[in-house]
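Worksheet for the structure shown next.
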């Protein structure tokens with residue numbers, strides 16, 4: 001499972017960080033899913049290997065503009081490229097109203113259907129062949145969700161000794177069993193795949209959280225979860241100065257939660273644009289990392305635009321080179 | 001008068017060209033005006049010297065998304081920066097509905113008032129201290145306008161010989177006359193500025209046209225006009241293949257018009273993304289220039305993102321270095 005950050009800035013874009021968007025792919029660039037779609041997401045995609053033509057679904061955490069204003073442009077560009085495949089949009093109901101109003105008032109039309117699914121429905125659940133997705137209600141100024149992606153396509157291993165011992169002959173039937181299909185033998189026996197195969201590893205699971213001032217809401221979902229991607233808009237001192245109104249998390253707050261939940265990997269994102277990487281008077285972005293490291297002993301990353309991470313089958317998380325090296329990384333500003 | 005291209009691609013962004021936006025400034029970066037606002041315009045501005053804080057008015061040529069989808073992000077970012085000054089939005093009525101729907105459905109609010117002015121009103125006219133703006137109806141799939149910007153602040157020269165001859169003493173009164181103020185002398189004479197000063201040059205005038213398949217509609221407005229900025233989406237052969245439906249102009253069509261109208265300067269923009277600059281199989285962007293040059297003998301430019309042009313007081317048009325050299329120019333793709 002791979003994910004690529006398309007934007008890591010809170011609220012407004014900077015010269016080196018776009019507003020929020022994350023591309024997630026179960027294996028390779030098709031199909032893939034988009035979580036949040038700030039303005040300029042379609043522009044960022046032009047510098048990755050992801051195409052709107054292979055996009056399967058868009059998951060929106062909440063309605064704020066830095067997570068949604070890229071939707072009209074991305075959707076209409078896909079139409080101009082000739083997309084015909086339906087696209088699922090999992091989002092709060094206002095997002096549908098926003099998209100429809102923009103389309104109506106810009107003489108636009110789409111060459112493919114949109115399937116809107118209410119992310120705030122009590123029984124929310126989405127899946128395709130590759131992933132199963134649930135969500136968790138967070139605490140923000142508007143309803144907001146974290147999406148929990150769990151891998152579905154796990155390879156089965158045949159229990160060869162058992163098959164041989166019970167006289168089930170090697171051949172195409174074994175192949176069917178390995179694919180998870182039950183098999184009716186010539187002698188009339190029904191052989192269940194689950195009885196003659198095993199899945200030798202855990203399903204990979206990651207959480208992509210939206211804006212949130214209470215990471216503890218993710219406690220239950222974090223069990224058996226291998227990566228948490230969570231906002232850390234401020235350091236704690238700035239969060240204290242700003243006060244509770246924006247309802248964002250500090251790096252310390254998320255790190256403390258991740259430590260308590262024993263999460264092996266934490267990726268922080270959605271940084272206030274006050275944090276920079278230069279030598280000027282602005283607070284340095286590394287302050288966020290330094291603060292989080294004081295409270296979290298697992299593997300910690302601060303996301304940057306175009307960084308791609310791989311959650312491997314052995315459940316390790318590795319950061320890859322920037323997407324295809326297609327552009328020089330701009331200096332932080 | 002300066003103008004900087006923020007986007008020069010038709011329909012969808014490419015890796016080197018954003019969708020349409022143009023910053024226009026009478027002198028220096030404040031105040032300035034924005035003509036069209038495709039998605040990502042606020043991102044482009046971060047690489048220029050123009051700030052949304054000094055933006056005086058936005059002129060929208062027509063409602064299509066590649067000219068309007070950047071509005072919600074630009075407006076809300078200005079609010080997050082604390083803008084309080086009112087902003088004029090000159091646009092078709094649908095733009096107001098679009099902006100209001102997006103703001104309502106994204107929990108947004110603005111810290112400053114928007115003044116909407118209907119660009120399609122029969123008597124449309126706008127002005128501030130620096131420019132007077134009128135518009136011209138074009139021919140496109142939706143109502144579309146060209147905006148005609150005429151300089152207002154012209155320096156007066158005193159008619160010194162006449163002043164001396166008529167016994168009007170040098171002093172503060174001369175200064176008032178030069179500013180355009182009439183003066184009541186101590187001896188009771190009312191001296192009119194217009195009678196004792198002259199404006200030694202023409203007011204600079206330029207046209208920024210929206211999408212349009214009939215450049216001849218600009219014939220009257222092109223008189224005494226020094227620059228025409230017009231779309232040239234296709235070469236003529238491609239326009240013929242595509243057919244009339246998109247209602248765009250070819251380079252040949254615009255060049256023929258500019259020649260007939262005796263326009264001294266023509267800047268082409270809004271190029272179909274099929275035209276590229278590489279050595280692959282795609283048609284080269286220079287085909288558009290080559291075609292236009294066959295039919296136009298004035299000064300011709302093909303716009304690129306971040307290029308700044310200066311319409312000088314002597315009515316020459318010069319292309320400056322890329323905006324402040326703030327970024328390496330990306331390769332054309």
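One residue stands out in segment A:35-68 among those that are assigned to a helix (DSSP H, G or I), touching a helix residue (DSSP H, G or I) at 6+ places or on another chain (Cβ under 6 Å) and more than 18 Å from residue A:269 (Cα to Cα): the one that is nearest to the other protein chains (Cβ to nearest Cβ), namely A:42. Taking segment A:69-104 as the search range and keeping residues that are within 19 Å of residue A:22 (Cα to Cα) and more than 10 Å from every other protein chain (Cβ to nearest Cβ), which one is surrounded by the most Cβ atoms within 10 Å (Cβ to Cβ)? The residue in question is A:91. Taking the stated definitions as given, is residue B:20 in contact with a strand residue (DSSP E or B) (Cβ under 9 Å, 6 or more places away or on another chain) and either closer than 30 Å to residue A:93 by Cβ or more than 11 Å from chain A (Cβ to nearest Cβ) (or both)? Yes: the conditions hold for residue B:20. Scanning segment A:286-306 for residues that are crowded, with 21+ Cβ neighbours inside 10 Å and either in contact (Cβ under 8 Å) with a residue 60 or more places away in the chain or assigned to a loop (DSSP other than H, G, I, E, B) (or both) yields A:292, A:296, A:303, A:305, A:306.
All told, residue A:29 falls short of being under 18 Å from residue A:302 (Cβ atoms) and either assigned to a loop (DSSP other than H, G, I, E, B) or more than 12 Å from chain B (Cβ to nearest Cβ) (or both).
Bear in mind that the values in this text are calculations on the coordinates, not laboratory data. Since the model is a prediction, treat every value here as computed from it, not as a measurement. Cβ coordinates were reconstructed from backbone atoms using ideal geometry, including for glycine residues, and neighbour counts include every protein chain displayed.
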